[in-house]
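Since the structure comes first, as structure tokens, the remarks are kept for the end.
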Amino acid sequence: MVLESVGEDMKTLRIVTKAYAGREGELSSVLQYVYQSIVLGQRGERELSMLLQRIASEEMRHLQIVGSLITRLGAPPLFTACPPYPVGYYSASCVNYAKETGEMLAADVASEENSVKAYEGMLKEIENPAAAEVILALMKEEEEHLRLLRRH
């Protein structure tokens, strides 16, 4: 990725922050997939549990990338929907705590669809080519998650 070439840019910062710790951001994805992986693993649904654990790891990498992007754009990577302001801190109430496998998968598919749409929307607004390249790479990985989840 081209994070090294991203410099301070408040306009782009305002566009990408919701992907970090917003209600449907990367942090919510990490926590939701970890929760589901644990629940499904305890129920013996090992294959799906392992898939969700793998996706959780990829979403954690996304969280780190978006946090690094926020830092490069000029703000600390606070777990809020609006860095650099220390308000509206993230709440784990954003996580979908469905208990049934079908409900979990439906929530995951909807979440990945929302992520792809959010990243598409960001790409239409971002004028910073290096930041756009980072967002495009993340969007492609979210599309792969969506493909994997739809197969289950």
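A few points about this structure:
- If R0 equals 41 Å, the separation of the Cβ atoms of LYS124 and SER93 corresponds to a calculated FRET efficiency of about 0.85.
- Computing Rg and Dmax of the Cα atoms in Å directly from the structure and comparing it against (1) 18.1, 57; (2) 19.2, 61; (3) 15.4, 48 singles out (3).
- For a straight C-alpha distance cut-off of 14 angstrom, the aspartates and glutamates reachable from LYS18 (same-chain residues fewer than eight places away being disregarded) are GLU26, GLU120, GLU125.
- Volume per residue that the Cα convex hull of segment 84-152 spans, once the total is divided by residue count, Å³: 97 Å³
- Distance from the C-alpha centroid of segment 51-65 to that of segment 120-152: 14 Å, rounded to the whole angstrom.
- At least 27 Å along the helix axis (C-alpha) and Kyte average at least 0.0, DSSP helices within the chain: 46-73, 129-150
- Anchor LYS11: lysines whose Cα lies under 30 Å away (excluding residues fewer than 8 positions away in-chain): LYS117, LYS124, LYS140
- Residue (of ALA130, GLN42, SER115) at the positive-pole extreme of segment 3-150, dipole from beta-carbon charges: GLN42
Rule-based calculations on the coordinates, nothing more; no lab input. Remember, it's a predicted structure, so these values are computed and weren't measured experimentally. When we count neighbours, we look across all protein chains shown, and the Cβ atoms used for this are built from the backbone with ideal geometry, even at glycine.
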